[in-house]
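Okay, structure first, notes after.
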Amino acid sequence: MDLSVAFLGTGGAVPSARRNTASLLVARGGERLLFDCGEGTQRQMQRSLGLVQVDTICFTHFHADHFLGLPGLLKTYDLTERERPLTIYGPKGLRDLIQGLSRVIGRVGYEVELVELEPGEAIPREGAEIRTFPVEHGVRAFGYALVEAERPGRFDPVAAESAGVREGPAFAALQRGETVAGEGGEEVTPDQVMGPSRPGRTLVITGDTAPCHATVEAAKGADLLIHDASFAEEEAQRAADTGHSTVGQASAVAREAEVKLLALVHISSRYHVGKVLEEAREVFEPTLAPRDFDLIEIPFPERGNPQLVQNGARERDEPGNATARP
């Protein structure tokens with residue numbers, strides 16, 4: 001199952017010519033998950049993957065640069081005759097937010113379910129769950145950790161045949177974890193023919209936050225950590241005052257959590273990103289600062305480490321996109 005992150009908005013609270021406000025699109029198999037929906041998110045989709053029919057939207061918090069793109073996206077879905085339901089998750093206050101935006105959005109022709117979450121709650125997905133954890137931003141705010149379940153070990157057909165099991169339905173039963181009978185009537189158990197369990201993948205998204213222990217715990221050994229890096233080190237006090245992180249603090253979190261790759265986002269437009277990245281790599285070398293429309297692909301651990309695909313969101317075709325009615 002493929003897993004990737006398309007960076008639709010990597011900038012700070014004020015959009016710039018090159019970096020939009022916060023928005024990340026996670027593709028896992030056939031599922032599309034949108035994390036935050038800053039102003040212009042649907043335009044960013046149209047400029048890259050097309051109008052993606054997301055299944056779920058998860059808000060980290062309700063500062064304007066993280067939700068102002070929602071009314072336009074929901075209305076455009078309506079204009080393109082979306083039918084399947086959409087679920088929106090977020091901290092307490094989500095229902096009040098949507099109610100306040102209802103006059104702008106108007107009535108839509110598909111079901112929108114609103115789910116307010118508590119810290120520590122998990123959203124079940126096929127073979128995974130999305131776990132919430134509290135972050136430190138001066139308002140109620142969450143990070144999200146997409147954590148896949150362990151996968152069965154590799155099946156060894158030679159070992160199965162040696163144990164007296166013929167190829168066919170019994171092979172499939174062993175891979176499902178069932179005990180079968182060998183040709184001589186003896187029991188053959190899965191542990192005789194299956195290798196050790198293989199880990200799934202973990203993707204962690206902090207949203208806006210100061211460095212905090214909850215992020216370190218959520219990101220332990222993660223394949224990819226996407227972390228707020230609003231300020232350079234000389235503005236550490238301002239970062240603390242506003243509930244954000246410096247690039248060095250974000251890198252220190254990644255180092256402590258021993259993640260495979262760190263991606264810095266929400267970088268203020270006042271900084272030269274190359275300089276910021278140099279600061280970060282002094283603390284934690286496997287660090288990137290993706291640009292809008294970059295893509296990071298996350299393979300299963302046995303297939304290697306996450307890889308940046310520059311401008312990858314513009315080069316990937318997204319099936320099932322819609323076009324607005326004239």
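Below are the figures for this structure:
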{"item": "Residue check for A22: within 20 Å of A145 (Cβ to Cβ) and either of a type in the set (A, V, I, L, M) or at pLDDT 95 or above (or both)", "result": "yes"}
{"item": "Whichever residue in segment 158-188 is part of a strand (DSSP E or B) and open to solvent by 50 Å² or more (accessible area, probe 1.4 Å) and, among such residues, is farthest from K220 (Cα to Cα)", "result": "A181"}
{"item": "Matching entry among R18, R32 (being among the basic types (K, R) and part of a loop (DSSP other than H, G, I, E, B))", "result": "R18"}
{"item": "Residues within segment 54-73 that are part of a helix (DSSP H, G or I) and either farther than 20 Å from S102 by Cβ or open to solvent by 10 Å² or more (accessible area, probe 1.4 Å) (or both), tallied", "result": "4"}
{"item": "Within segment 240-254, considering residues that are over 19 Å from the mean Cα position of the chain (by Cα) and of a type outside the set (S, T, N, Q), the one surrounded by the most Cβ atoms within 10 Å (Cβ to Cβ)", "result": "V247"}
{"item": "Per-region count, segment 192-204, residues in a loop (DSSP other than H, G, I, E, B) and touching a residue at least 60 places away in the same chain (Cβ under 8 Å)", "result": "3"}
{"item": "Segment 206-239 - residue that is open to solvent by 10 Å² or more (accessible area, probe 1.4 Å) and part of a strand (DSSP E or B) and, of those, nearest to V26 (Cα to Cα)", "result": "A210"}
{"item": "Looking only at segment 88-112, and only at residues there that are farther than 17 Å from F142 by Cα and open to solvent by less than 30 Å² (accessible area, probe 1.4 Å), the one that is nearest to the chain's Cα centre (by Cα)", "result": "I98"}
{"item": "Residue check for Q192: over 24 Å from E258 (Cβ atoms), touching a strand residue (DSSP E or B) at 6+ places or on another chain (Cβ under 8 Å) and open to solvent by 80 Å² or more (accessible area, probe 1.4 Å)", "result": "no"}
{"item": "Qualifying residue in segment 37-53 (condition: within 28 Å of T202 (Cα to Cα), in a strand (DSSP E or B) and not small (G, A, S))", "result": "no"}
{"item": "Qualifying residue in segment 184-204 (condition: within 13 Å of the chain's Cα centre (by Cα) and either over 30 Å from F133 (Cβ atoms) or of a type in the set (A, V, I, L, M, F, W, C) (or both))", "result": "yes"}
{"item": "Number of the condition not met by G207 [criteria: (1) on the phi < 0 side of the Ramachandran plot; (2) touching a residue at least 40 places away in the same chain (Cβ under 8 Å); (3) in contact with a Ser or Thr (Cβ under 8 Å, 6 or more places away or on another chain)]", "result": "(1)"}
{"item": "Lone qualifier among A128, A141, A122 - being open to solvent by less than 50 Å² (accessible area, probe 1.4 Å), without any contact (Cβ under 8 Å) to a residue 24 or more places away in the chain and not polar (S, T, N, Q)", "result": "A122"}
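The values are calculated or read from the model by the stated rules, or taken from the named source; none is laboratory data. Small disclaimer: the values here were computed from a predicted structure and weren't measured. Glycine also receives a Cβ, built like all others from the backbone with ideal geometry; neighbour counts cover every protein chain displayed. Side chains are part of the model used for accessible areas, which takes the heavy atoms of the whole protein and leaves out ligands, DNA and RNA. Shrake-Rupley method; radii C 1.70, N 1.55, O 1.52, S 1.80 Å.
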